[in-house]
């Protein structure tokens, strides 16, 4: 170990937090450029309508108005539309039906909030006033918001998909699976709904777009999880400008949870329109109500799922049919979410010989649905863990033992749905979780709760996820439009401080700390002498960004590879300076020594020597100490764990409280356990939010979003969490074999694991088979009424 | 938000005159309902007449039988008042459950009652304690004050100046918050006076706060938690929305009344 206080495995306090919590962060809205104007979007009040005409004449004459842009202006300038970067083919081989997704609505609006016009003015008040003066005449069309009804609705969201179906995708072997069901001793069948969620990052989306009339180049400051991907898409698909004429900067970003992966119309419109107002920068900062209406939502699946078992309780097959809402347009990553991020995880932690899944992706007149913390894997885990728990109850087996009986126990394990699990010990996590949760004494706690008028239940979730996305060739063969590698550059300064340029993007994850810990470990450099540079396409050459719990397993591995090169070159220089053979150089704790001698040089001395070139032959060893690397993972990583939730339901009111929550996770080796714990706690909070509190509701009649503010959309609060003493975290460790650091991802695990754990606990408490998420007091009370579970 | 004229009168008289002169003026206490409404563009008054600068507009006075809270008193002042905690502890407790800390430091009793939000907490206390609302013109019994959703017996330009709460023998407040907004999904304020008369004020359940007279009658016969919680409240006329059906609200009224009896002190 180089420095046990700041190296790998140390719970170092986050370097970036002081600046964030004292208001010194530098977010997009904190940035103000010379001659900046303000952008404001006029949005559709209708769920579905033809635009008959847009009259901007009066608005254009109003005070402070600099420019007004509509879909027609975008079309006239031949700016390309928004794209979905993942091509999915239907079962019958036909490509998905990607309808037009213009930067500003053209001819038609397809959901409440669809952007119709960009108004640019000197102040926001002026822009808003002008927006109110624009007259849009609409021909209202029938709409549909419910994914379960959309295929048979008279509403037609996109002409090219008359039944609103984007694709009908399948995975697995249908005939073998049907055969397994035909032979099954027991079949558990369920209708499962995964509720629609609204991400609500703390910082709303924002952008400042500007055009330099001298260099004819664009700059876009934006709230992005992957600025290089934004540049690539805006350049290659929208055709705004070639990449060397477009700089994308994602400064400090206040949370993303997936919603800031995507390329949205607003950001593109701001940078595009700047050219037409003489290059004046256009700033748009989304209001919270715009976040609710227009940020890509998550989940929204309706599923029929079946599990087949033999007489001994061994699972023999799984059959799943899911209807997945895509919203009104295919967002950047959306097609991958209910397919390759979903169907591939349906084996869970279990040895299931036959799986067949079919997914209908469906347009609705709602905000686009795309990746949200977990993306597809929470939906898969919810299906698997609800099914497994219910099957165990039907077979009258202990749910823990039923799971254990079906666990995958030897690795590598090839599932019938593409994934090759590389390492894991699911039994170890289960044992640890059972012990920490004191499962054996549940009955006495249940009796205690009953005395206070509370129904107590316990629920399990043995989740697995595939993250660290992903091997480029593999995702390429599955339809991805990009490779999912990562890049890094290590620049050692002459005095031995280090700059890491990474294509990963930190928006809450703490990369400034964890990435520096890796450098500290490897080079023996104090973490305060390490700078992490990210989020600027002019500084970092290329990168794929942060999502899918990939920054550790993929991003840090790229850094590690570049550090290997740094170490190798530094050894050469040290050998030359100390007049020894490079084979005799040893490097430990930041010091180069020569075997069998007392010669030594500190890392800083070698760094300086590398730039002086005084003591080595610069025609043999190149000057300087700067290396870069690309890393393409050879496999996904497979974090897994067992979460156990206990709830208490108030018989009188239906109010559910999380009595205790135990999370045991196997993330392989941990870089910073404190940050990992924070990720688990935050993820579980989001998962509890989905299970108990959060649900986007569109009004069927009007198509309006009813949960358009925090007055009606219930974000988790501290009081909704289990008391910290009853919120236990534990870890097991099977190091990941596919990266040198042995890491798996931890960012999404909690959000994936928690919903089924909570719902399994509630259904256990009530003795019902299912309950809808979010299990609000009303929902639970209503279920109790129909069950006649009464106080007396 | 549209532009408006902002006034800070020093007297009630001046405030009333300003409102009369304005085209579409509004009085403002803490502004915690009015300002968000204006920000959303749902209200755009021409004039805001901020009442909080009026001299002696806030303050708490106690007699042997009565707690008087002047209109400009903030929720935080009520929640932390030693006198109120002693005289009507449930009232202080209730004020401590309104909104968040920021809201409690700005929001006023007069503003809350005048606004008569169907989910506000104070209306249930006014009804549950049999309060009298004093204005610059007259005194109005709470029972006659809350007339509908955001509607009261106040006449145009009338300003609440104080609320008089008789001190009961026992009282309690129970609130089941809306999971998202934390307003009362249903709230019950119950009191029993020295003569044994019971009052049960309910908020959040209907368009306007009301008295649960069936529960009052049951408790007059038998002042027990069970007696209150066994009364079946009719769902008809109660509010229904995505957070609670009328039937659920009706059920909560009985549950909370029962809990209030158990907690009354």
- Item | Selection from segment B:34-51 of residues that are touching a strand residue (DSSP E or B) at 6+ places or on another chain (Cβ under 9 Å) and in a loop (DSSP other than H, G, I, E, B) | B:43, B:45, B:46
- Message: Give all pairs with beta carbons closer than 8 Å in which a residue from segment B:213-226 that is in contact (Cβ under 8 Å) with a residue 12 or more places away in the chain meets a residue that is exposed (fewer than 13 other Cβ atoms within 10 Å of the Cβ); count only pairs at least 6 apart in sequence or on separate chains.
- Response: B:220/B:196; B:223/B:196
- Query: Does segment A:749-781 hold any residues that are over 18 Å from residue A:379 (Cα atoms) and within 14 Å of chain B (Cβ to nearest Cβ), and which are they?
  - Reply: A:776, A:777, A:778, A:779, A:780, A:781
- By residue number, the members of segment A:687-704 that are at the interface with another protein chain (Cβ under 10 Å from one of its Cβ atoms) and either in a loop (DSSP other than H, G, I, E, B) or under 19 Å from residue A:110 (Cβ atoms) (or both) are A:694, A:695, A:697, A:699
- Return yes when residue A:593 is outside any loop (DSSP other than H, G, I, E, B), at negative phi and without any contact (Cβ under 8 Å) to a residue 12 or more places away in the chain and no when it is not. yes
- within 25 Å of the chain's Cα centre (by Cα), at positive phi and crowded, with 24+ Cβ neighbours inside 10 Å - does that describe any residue in segment A:279-289? no
- Query: Within segment B:1-14, how many residues are outside any loop (DSSP other than H, G, I, E, B) and in contact with a helix residue (DSSP H, G or I) (Cβ under 6 Å, 6 or more places away or on another chain)?
  - Reply: 1
- Message: Suppose we keep only residues that are in a loop (DSSP other than H, G, I, E, B) and surrounded by 17 or more Cβ atoms within 10 Å (Cβ to Cβ) within segment A:705-724. Which one would you say is nearest to the other protein chains (Cβ to nearest Cβ)?
- Response: A:714
- Message: Any residue at all in segment A:124-138 that's crowded, with 18+ Cβ neighbours inside 10 Å, assigned to a loop (DSSP other than H, G, I, E, B), over 32 Å from the mean Cα position of the chain (by Cα) and not assigned by TED's automatic domain parsing to the domain that holds residue A:329?
- Response: yes
- Lone unmet requirement of (1) buried (at least 19 other Cβ atoms within 10 Å of the Cβ); (2) out of contact with any helix residue (DSSP H, G or I) (no Cβ under 6 Å at 6 or more places or on another chain) for residue A:102: (2)
- Message: So in segment A:412-454, with the set limited to residues that are over 32 Å from the mean Cα position of the chain (by Cα) and assigned to a loop (DSSP other than H, G, I, E, B), which one is nearest to residue A:646 (Cα to Cα)?
- Response: A:438
- Note on the structure: Selection from segment B:253-265 of residues under 19 Å from the mean Cα position of the chain (by Cα) and facing chain A (nearest Cβ under 8 Å) yields none
- Evaluate segment A:727-742: report whether one residue or more is modelled with pLDDT of 95 or more, under 19 Å from residue A:454 (Cα atoms) and away from chain B (no Cβ under 14 Å). no
- Identify all residues within segment A:309-336 that are part of a loop (DSSP other than H, G, I, E, B) and either surrounded by fewer than 24 Cβ atoms within 10 Å (Cβ to Cβ) or in contact with a helix residue (DSSP H, G or I) (Cβ under 8 Å, 6 or more places away or on another chain) (or both); write none if there are none. A:310, A:311, A:312, A:313, A:314, A:332
- Note on the structure: Filter segment B:233-252 for residues that are surrounded by 18 or more Cβ atoms within 10 Å (Cβ to Cβ), under 21 Å from residue B:218 (Cα atoms) and over 21 Å from the mean Cα position of the chain (by Cα); the one that is nearest to the other protein chains (Cβ to nearest Cβ) is B:248
- Is one or more of the residues making up segment A:654-673 in contact with a strand residue (DSSP E or B) (Cβ under 6 Å, 6 or more places away or on another chain), within 13 Å of chain B (Cβ to nearest Cβ), modelled with pLDDT of 95 or more and surrounded by fewer than 21 Cβ atoms within 10 Å (Cβ to Cβ)? yes
- Task: Restricting attention to segment A:708-724, report how many residues are over 30 Å from residue A:113 (Cα atoms), at pLDDT 95 or above and out of contact with any strand residue (DSSP E or B) (no Cβ under 9 Å at 6 or more places or on another chain).
- Result: 0
- Tell me, yes or no, whether segment A:151-168 has at least one residue that is in a helix (DSSP H, G or I) and either within 34 Å of the chain's Cα centre (by Cα) or assigned by TED's automatic domain parsing to the domain that holds residue A:751 (or both). yes
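Rundown of residues vs (1) farther than 30 Å from residue A:509 by Cα; (2) without any contact (Cβ under 8 Å) to a residue 40 or more places away in the chain, yes/no style:
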| residue | (1), (2) |
| --- | --- |
| A:148 | yes, no |
| A:153 | yes, yes |
| A:157 | yes, no |
| A:160 | yes, no |
| A:174 | yes, no |
| A:215 | yes, yes |
| A:220 | no, no |
| A:229 | no, no |
| A:235 | no, yes |
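The values are calculated or read from the model by the stated rules, or taken from the named source; none is laboratory data. Bear in mind that the values here come from a model prediction, so they are computed numbers and not experimental data. No Cβ is skipped: glycine too gets one built from the backbone with ideal geometry, and neighbour counts run over all protein chains shown.
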